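Rule-based calculations on the coordinates, nothing more; no lab input. Small disclaimer: the values here were computed from a predicted structure and weren't measured. In this analysis, Cβ positions are derived from the backbone assuming ideal geometry, glycine residues included, and neighbour counts consider all displayed protein chains.
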Amino acid sequence: MTTLSKLLRQDVVAICHDDGRKVGTPGHDDAREYLRQRISEIGCVPYIGKSFELPYKVAHQGFCNLVGRIPGRDSKLPPLLVGAHYDSVISFPCADDNAAAVAIALHAGRIIGESGGLERDVVVAIFDAEEPPYFQGHAMGSNRFYEDHVLGKREIHAALVMDLVGHDVSLPDAMSEGLPVIDPLTGSIYDSARRDTSNPALRSLLFVTGSESHQELTGVLGAIGQPKGLRVMPTLNSYVGDMSDHGVFRRNGVPYFFLSCGMWEHYHMPTDTPDRLNYDKMSAITHYVIQMITLMGERELAGRTGKEQIHDTLDLESSFMREAFGDLQQLVMRWAGISDVDTRATMSQLVERLLLMGLR
Ligand SMILES: [Zn+2]
């Protein structure tokens, strides 16, 4: 474990109350207090006013976003935003959903601050009330933050949102039955009877949507390439829909990235506990987030209309997918009944099959 992996684990463990962080519970209060301290410790100043807490009320229920910013060299420029929600869906730890992403956002902010900051401010936004019954509703923390504190007040240059970024990707059982696997160490093919669902070739997968939201964003991913310790797979947000807090940015035409390792067997389950996360993968994601944020900040991102735009990203998706699957590429293609992912139709066919199998 790297030093960063250990620091990420410390935050995840501290955020993960045994009784969860559902809105209105003592666990939620504890998490809010812990995060208020942490956001200050990492070098943030309040996003607005004197407090990191941006409370709001909907139907007599109190909520609270926690938002700070790592000052840049020119705070007059529209800031970058890195965001994740801290509430939990059930009264259990919910480590992958979403303590892991919160820890990554905090440490990305800390490392950027320690290196002297960027040209632009980096807003660290820890959102409340992402989970049902608030999901995509008026009380959802990211909606309230954007509509109350951004819209018509301070434009956001670009946003990066994370959800479910703490776990290894493993193949769903239904898929593993039909798909032989190449042992990455020996190169030998072994059949489904012997297959290990935590195949090393797929463990480090990270899905990224949103590169279609601005033509410059494909260049951001392309410039970084496949980062150390990860296999990045860019894909269209429309394949999965708005799974998290990036929705409000997408709808308002803010260039965005959404990062996720997809759903897994512990999704929204009591078994989503800190001991099941891969902190080295989270450490790799933290470094990747810093690279993405830095490059997004350097790009002009001109030509925005305030409404969603969709740019063609097929070449980006195809080339990253080939690299991400590596030796498995041909086998996956055969399994999906296609020869390559060189058209939107074949790409859609493959993604639909993967989604049907639960790899999302
Ligand atoms: Zn959730």
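Here are the numbers for this structure:
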read-out	value
Overall Cα dimensions of region 258-322 - principal axes, largest extent first, Å	45, 30, 22
Coil-residue GluC sites (Glu not before Pro) of region 198-268, DSSP, other Cβ within 10 Å capped at 11	none
DSSP-loop trypsin sites (Lys or Arg not before Pro) across region 220-287, with at most 12 other Cβ within 10 angstrom	K228
Whole-number Å³ per residue for the convex hull built on Cα positions in region 231-360	137 Å³
Partner lysines for K76 [C-alpha distance under 24 Å; skip if fewer than 8 residues away on the same chain]	K50, K153, K307
Size-normalised alpha-carbon gyration radius of region 50-143, reference 2.2 N^0.38 Å	1.17
Convex hull per residue volume in Å³, alpha carbons only, for region 211-271	102 Å³
Check: region 221-343 dipole with +1 on Lys, Arg Cβ and -1 on Asp, Glu Cβ, in debye	180 debye
Distance between region 248-289 and region 303-360 - C-alpha centres, whole angstrom	20 Å
GNM top mover of N252, N237, N98 - the chain, alpha-carbon springs below 10 Å	N252
Among L259, L151, L80, residue whose mean-square fluctuation peaks in a GNM of the chain (springs only between Cα atoms under 10 Å)	L151
Computed [θ] at 222 nm, helices only, for the chain once each DSSP H run of length n ≥ 4 contributes -39500 (n - 2.57)	-10500 deg cm²/dmol
GNM flexibility winner over the chain from A223, A158, A14 (Cα, springs under 10 Å)	A223
Qualifying trypsin sites (Lys or Arg not before Pro) in region 27-62, DSSP loop, other Cβ atoms within 10 Å at most 12	K50
Rg in Å to one decimal, and Dmax rounded to a whole Å, for region 1-68 via C-alpha atoms	13.6, 45
Sequence-distant lysines (8 or more away, or on other chains) whose Cα lies within less than 30 Å of K228	K6, K281
Label point at H311 placed 7 Å out along Cα→Cβ; residues across region 256-288 whose backbone nitrogen lies under 16 Å	256-258
Cα-based reach from K22 at 13 Å (exclusive), listing aspartates and glutamates while leaving out same-chain residues under 8 positions away	D30, D87, D97, D128, E130, E131
Nearest-ten-degree value, helix 26-41 long axis tilted from longest Cα axis of the chain	80 degrees
Ellipsoid equivalent to the chain - semi-axes via the Cα gyration tensor, in Å	32, 23, 19
